[in-house]
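Structure first, commentary second.
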Amino acid sequence: MKRLLLFIPALIAVNSLKAQTVSLFDGKTTTGWHSYLKTGPGAWKVVDGTLQLDPKAPEQGDLVTNKEYENYELSLEWKIAEGGNSGIIFGVHEDPSFDATYLTGIEMQVLDDQKAEDNKLANHRAGSLYDMEAPAHPAKPAGEWNKVKIKKLNGHLTFWLNGKKVIDTQIGSAQWQEMLNKSKFKTWKGFAAYPKGHIALQDHGAVVSFKDIKIKEL
């Protein structure tokens, strides 16, 4: 009984620590991040308290968290240049056999819906579960900050864009399989195959900024 009484407070402390919201970006450095399959931040820099991609800098590539995550709530803000394209990709398995983050990771699209080339399909627009499901509400235009939250819990995905729920689906469900079969990912063996993985900010050749990046593990 004494051992049990000692164990219960310890378990509560561990769960409490796990539920804390922590910052993934300190606003000053790229600590905690690296370019996919590399060690440094590559073309990503800290500009006015944001993580920003310089599309003209050398060493282009997606920026990924050093740590891997499985169940969590991720929140951040993004701002895209006119005509720009990017994404928030999660469940990324970092391995040389996959030369891009999107080969394994699931994407919440970041886009200038008005002028980006990839704006023709509804499930390619900002806030979408990319190439699978269109968002229920539109994003703010290029040059404005958009707030997002991604919740991933035991394969259940919920996306919010500027406070409004835009995606709600379960990985592996009949709905998911139907969407997957209609997408370009249907034959990709690594896609969405890793419950635990890195979080990535996509380099798609446009100036894009991210800030207030926080995570709460569930």
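The values are calculated or read from the model by the stated rules, or taken from the named source; none is laboratory data. Just so we're clear, the structure is a prediction, and the values are computed from it rather than from any experiment. Heads up, the Cβs are rebuilt from the backbone with ideal geometry, glycines too, and the neighbour counts pull from every protein chain shown. The protein model used for the area step is the full one, side chains on, heavy atoms only, and it has no ligands, DNA or RNA in it. Shrake-Rupley method; radii C 1.70, N 1.55, O 1.52, S 1.80 Å.
For segment 113-127, 3J(HN,Hα) computed residue by residue from phi via the Karplus equation (6.51, -1.76, 1.60; θ = phi - 60°) reads 4, 7, 10, 6, 4, 8, 10, 6, 9, 4, 7, 10, 8, 3, x Hz, glycine and proline entered as x. For G42, nonlocal amide neighbours, meaning residues 5 or more places apart or on other chains whose placed amide H falls under 5 Å from its own, are S35. Annotation: for a label point projected 7 angstrom from Cα along Cα→Cβ of E178, residues of segment 123-143 with backbone N closer than 13 Å are 133. Sorting D54, D131 by solvent-accessible area of protein heavy atoms yields D54, D131, largest first, with a 1.4 Å probe.
What the phi angles of segment 82-88 give under the Karplus curve with 6.51, -1.76 and 1.60, with θ = phi - 60°, is a coupling list of 4, x, x, 9, 7, x, 10 Hz, glycine and proline written as x.
Segment V46..Q20, full-extension length gain: 6.9 nm, with 0.36 nm per residue of separation and the alpha-carbon distance subtracted. Over all other residues within a Cβ to Cβ distance under 12 Å of D62, the charged ones net out to -4, with Lys and Arg as +1 and Asp and Glu as -1. A simple charge model with +1 on the Cβ of Lys and Arg, -1 on the Cβ of Asp and Glu and nothing else charged puts the dipole of segment 91-181 at about 580 debye relative to its Cα centre.
Taking amide H positions as modeled 1.01 Å from N, with prolines and chain starts lacking one, the residues under 5 Å from L157 and 5 or more places away or on another chain are T169, Q170, I171. Using +1 at the C-beta of Lys and Arg and -1 at the C-beta of Asp and Glu, which of V110, F90, H137 has the Cα lying farthest in the positive direction of the dipole of segment 45-157? It is H137, whose Cα lies furthest towards the positive end. Label-to-label distance, D118 versus T31, with points set 7 angstrom from Cα along the beta-carbon direction: 3.2 nm. Our summary gives segment 52-155 a relative contact order of 30 percent, counting only alpha carbon pairs under 8 angstrom and 6 or more residues apart.
Between L161, L121, L111, the residue with the greatest mean-square fluctuation in the GNM of the chain (Cα pairs under 10 Å linked by springs) is L121.
Magnitude of the Cβ-charge dipole of the chain, K/R +1 and D/E -1, about the Cα centre, nearest 20 debye?
Result for the chain is approximately 780 debye, rounded to the nearest 20.
Straightening the chain between Q170 and Q60 buys 36.3 nm, computed as 0.36 nm per residue apart minus the Cα-Cα spacing.
Applied to segment 172-182, the Karplus parametrisation 6.51 cos²θ - 1.76 cosθ + 1.60 on θ = phi - 60° returns per-residue 3J(HN,Hα) values of x, 6, 4, 4, 4, 5, 5, 5, 4, 5, 9 Hz, with x for Gly and Pro. Distant-in-sequence amide contacts of D62, defined by a placed amide H-H separation under 5 Å and a gap of 5 or more residues or a different chain, comprise Y36, D203.
Rounded to the nearest 10 degrees, the inclination of helix 2-18 to the longest alpha-carbon principal axis of the chain is 10 degrees. Given Cβ point charges of +1 (Lys, Arg) and -1 (Asp, Glu) and nothing else, what value in debye, to the nearest 20, does the dipole of segment 54-102 about its Cα centre take? Magnitude of the dipole: close to 180 debye. Accessible area per residue was computed with a 1.4 Å probe on protein heavy atoms; D26 scores about 90 Å².
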